Amino acid sequence: MRIAMIGTGYVGLVSGACFSDFGHDVVCVDKDDSKIAALEGGVMPIFEPGLAQLVERNVRGDRLSFTTDLAAAVAEAEAIFIAVGTPSRRGDGHADLSHVFAATREIAEALKRPAVVVTKSTVPVGTGDEVERIIRETAPQAKAWVVSNPEFLREGAAIEDFKRPDRIVLGTEEEEAAEMMREVYRPLYLNRAPLLFTSRRTAELIKYAANAFLATKITFINEIADLCECVGADVQDVSRGIGLDNRIGSKFLHAGPGYGGSCFPKDTLALLKTAEDHQAPLRIVESVVKVNDARKRAMGRKIIQALGGEARGRTIALLGLTFKPNTDDMRDAPSLSIVQALQDAGAKVRGYDPEGMEQARPLMPDVEFCDSPYQAAEGADAVVLVTEWDVLRALDLQRLAISMAQPNFVDLRNVYPPEDVLAAGLKWYGVGRMARS
Ligand code: NAD
C-alpha cells in the first residue's frame with residue numbers, strides 16, 4: 001500500500017519506518033525542513049535504538065522516503081496517517097489540536113484519490129468528527145474515511161512495540177475503511193497482533209484511558225513507597241508481592257521519582273479536561289495528577305534531606321536526565337523539577353546523561369554538563385541516580401566514594417542494593433525501603 005505519514009517525530013518516523021519494513025511504500029512528511037534534510041542525509045533527528053539501521057535498510061530498498069511536500073505525498077497515498085504533536089494547550093491543559101487541524105486542512109486540499117485519513121496522534125474524543133468535518137468542508141468531492149488508530153509504542157522500545165503490539169485499536173464503523181486498515185496492518189496480524197475494531201470515539205478514549213491507568217499504577221506504588229518509608233517496609237518486596245498476582249501484573253509498579261515524558265503528563269491533563277467538559281469527573285485521575293506533580297518536587301527535598309537539610313553552596317550530581325532510559329526525550333522529565341527544586345535551594349547542579357544532554361541543555365541553563373558520571377561526581381556532596389540507563393546500573397561505587405566531597409548516594413530508581421552502596425563507603429538513600437544493616 002502507499003502510505004503518507006504526516007509528522008516525522010518519535011511516532012511518525014518509527015511507524016513510517018516499520019510500515020516500510022513490512023513492505024508498504026511510505027513517504028514521511030514533516031514541515032520541519034531541517035528534520036527532513038537530516039533524514040535525507042541519513043542522520044536520525046531522534047535517538048531510538050535500532051532506528052538508524054531500520055531507516056537505512058528501507059531507504060535503500062526504495063520503500064521509504066522523506067519530504068516536506070505534503071501535497072505530493074498525499075496525492076499518491078491510499079492511507080494517510082496524522083502523527084503530528086498534540087501538546088498541552090498553554091494555560092488550560094486541553095490538548096492543543098492546532099497541528100492536527102492544520103495538517104487535516106492541507107491533506108483535504110491535496111486529496112486526489114479515495115483514501116483513509118487515520119489519526120495516530122493522541123486526540124480527545126470527538127476529534128475524528130472534527131477532522132471529518134474539515135475534510136468535507138475543504139474538499140466536498142473527496143472520498144475519504146476518517147479512522148482513529150491510537151499509538152501505544154514506548155520510546156526506547158518503539159520498534160519492537162510497533163512490530164509486536166499487544167493490540168491494534170482501530171476506530172471506524174465503515175466497512176471500506178476497516179478493509180483498508182486490515183490491509184495496512186496485515187503483516188502485523190500475521191504476528192498475531194489482535195485488531196480491535198471499535199467506534200471512532202471509543203478508540204480515541206481507549207488511548208487516554210490506557211495512559212491514565214498506567215499513570216495511576218505508577219502513582220499508586222509511589223504513594224505506597226512513601227508509606228513503606230514510614231512503617232519500615234520495603235516497596236520492592238511489596239511490588240513483587242502484589243505484581244505476582246495476575247489480576248494486578250508486575251509492570252508499572254516500580255517506585256521512583258514520578259512519571260514524566262511526552263505522554264502521561266499531557267494525556268492525563270487532557271483527559272481531565274474532557275471529563276470536566278462532560279461533567280463526568282474522574283476523581284482518581286485528578287488525584288494522580290496532583291500527587292505526581294507534588295512528588296517530582298518532593299524528590300528535590302529528599303535529596304536536600306540527605307545533605308542534612310541544607311543545600312546552599314553544595315554540589316549535586318544528577319545521573320540520567322531523560323524521563324526514562326534509551327531515549328533523548330526530555331519533555332516533562334522529572335529531572336527538570338528536581339533541578340529547579342535544588343537550584344531554588346541554592347545548590348550547584350551537575351548533570352550527566354548518555355543521550356539526552358543536547359536536549360537538556362536549553363531546558364537547564366544553569367546546570368554544568370559533564371562527560372561521564374565520574375566527572376559529575378568529582379567533589380560533589382551528593383550523587384543522585386535519576387534515570388536508570390544501563391551504563392548507570394554498574395557504576396564503580398568505590399571510585400565515586402573516593403572522588404566525592406561527601407559520600408551521599410541517592411538512588412531514586414532503587415537500582416543498587418543498599419548493602420553494596422554502604423560497603424563502598426557511601427551513605428545510601430533509596431525510595432520506599434530501608435538499608436538492612
Ligand atoms: P513529535 O513532536 O516528536 O513529532 C511531531 C512532528 O510533527 C514534528 O516533527 C513536527 O514538525 C511535525 N508536524 C507538526 N505539524 C505538521 C504539519 N502540519 N505537517 C507536517 N508535519 C507536522 O511528537 P511525537 O512524540 O511523535 O507524538 C506525536 C503524537 O503521537 C502525539 O499526539 C503523541 O501524544 C502521540 N504519541 C506519542 C508517543 C511517544 O512515545 N512519543 C506514543 C504514543 C502516542
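Annotation note: of Ser65, Ser20, the sole residue that is over 19 Å from the mean Cα position of the chain (by Cα) and open to solvent by less than 10 Å² (accessible area, probe 1.4 Å) is Ser20. Residues satisfying the criterion are present in segment 209-222 (criterion: open to solvent by less than 30 Å² (accessible area, probe 1.4 Å) and out of contact with any helix residue (DSSP H, G or I) (no Cβ under 8 Å at 6 or more places or on another chain)). Considering segment 368-382, the residues that are within 25 Å of the chain's Cα centre (by Cα) and in contact (Cβ under 8 Å) with a residue 40 or more places away in the chain include one that is nearest to Ile303 (Cα to Cα), namely Pro373. For residues that are among the hydrophobic types (A, V, I, L, M, F, W, C) and out of contact with any Cys (no Cβ under 9 Å at 6 or more places or on another chain), scanning just segment 4-24, find the one that is nearest to the ligand (Cβ to nearest atom). Here the residue is Val11. Restricting attention to segment 31-42, the residues that are under 22 Å from the mean Cα position of the chain (by Cα) and either surrounded by fewer than 16 Cβ atoms within 10 Å (Cβ to Cβ) or among the small types (Gly, Ala, Ser) (or both) total 1. Taking segment 139-157 as the range and being away from the ligand (no atom under 14 Å from the Cβ) and among the aliphatic types (A, V, I, L, M) as the test, the residues that pass are Ala139, Ala142, Ala144, Val146, Val147. Scan segment 275-290 and give yes if some residue there is open to solvent by 30 Å² or more (accessible area, probe 1.4 Å) and either touching a His at 6+ places or on another chain (Cβ under 8 Å) or under 22 Å from Pro325 (Cα atoms) (or both), otherwise no. No, segment 275-290 contains no residue that is open to solvent by 30 Å² or more (accessible area, probe 1.4 Å) and either touching a His at 6+ places or on another chain (Cβ under 8 Å) or under 22 Å from Pro325 (Cα atoms) (or both). Total residues in segment 85-98 satisfying the condition of being out of contact with any Lys or Arg (no Cβ under 9 Å at 6 or more places or on another chain) and either buried (at least 17 other Cβ atoms within 10 Å of the Cβ) or not assigned by TED's automatic domain parsing to the domain that holds Gly9 (or both): the figure is 1.
Can you work out which of the residues in segment 43-62 that are free of Cβ contacts under 8 Å to residues at least 24 places away in the same chain and assigned to a helix (DSSP H, G or I) is least open to solvent (accessible area, probe 1.4 Å)? Filtering first and then ranking leaves Ala52. For the criterion of being at pLDDT below 95 and surrounded by 20 or more Cβ atoms within 10 Å (Cβ to Cβ), Lys296 passes. For segment 194-201, the criterion of being surrounded by fewer than 18 Cβ atoms within 10 Å (Cβ to Cβ), outside any loop (DSSP other than H, G, I, E, B), at negative phi and within 15 Å of the ligand (Cβ to nearest atom) is satisfied by no residue at all. From the list Ala73, Ala102, the lone residue that is out of contact with any helix residue (DSSP H, G or I) (no Cβ under 6 Å at 6 or more places or on another chain) and surrounded by 24 or more Cβ atoms within 10 Å (Cβ to Cβ) is Ala73. From the list Gly249, Gly258, Gly243, the lone residue that is free of Cβ contacts under 8 Å to residues at least 24 places away in the same chain and either assigned by TED's automatic domain parsing to the domain that holds Ser121 or touching a Lys or Arg at 6+ places or on another chain (Cβ under 8 Å) (or both) is Gly243. Surrounded by fewer than 16 Cβ atoms within 10 Å (Cβ to Cβ) and at pLDDT 95 or above - does that describe any residue in segment 314-326? No, the conditions are met nowhere in segment 314-326. Name the single residue that is nearest to Val14 (Cα to Cα) among those in segment 108-138 being of a type in the set (S, T, N, Q) and within 12 Å of the ligand (Cβ to nearest atom). Across segment 108-138, the extreme among qualifying residues is Ser121. Within segment 174-189, residues that are more than 14 Å from Ser148 (Cα to Cα) sit with their Cβ atoms under 7 Å from residues that are small (Gly, Ala, Ser) and open to solvent by 10 Å² or more (accessible area, probe 1.4 Å), at 6+ positions apart or across chains, in these pairs: Pro187/Gly23.
The set of residues in segment 417-437 that are surrounded by fewer than 21 Cβ atoms within 10 Å (Cβ to Cβ) and either part of a loop (DSSP other than H, G, I, E, B) or modelled with pLDDT under 95 (or both) comprises Pro417, Ala424, Gly425, Met434, Ala435, Arg436, Ser437.
The residues of segment 158-189 that are within 16 Å of the ligand (Cβ to nearest atom) and either surrounded by fewer than 16 Cβ atoms within 10 Å (Cβ to Cβ) or of a type in the set (Ser, Thr, Tyr) (or both), listed by number, are Glu160, Arg164, Asp166, Arg167. Only residues that are exposed (fewer than 15 other Cβ atoms within 10 Å of the Cβ) and either touching a helix residue (DSSP H, G or I) at 6+ places or on another chain (Cβ under 8 Å) or farther than 20 Å from His254 by Cα (or both) were counted across segment 376-390, and they come to 1.
The values are calculated or read from the model by the stated rules, or taken from the named source; none is laboratory data. Not measured: the values here are computed from a predicted model. Neighbour counts are summed over all protein chains in view; Cβ atoms, including those assigned to glycine, are modelled from backbone coordinates with ideal geometry. Surface areas here come from the heavy atoms of the whole protein model, side chains and all, with no ligands, DNA or RNA. Shrake-Rupley method; radii C 1.70, N 1.55, O 1.52, S 1.80 Å.
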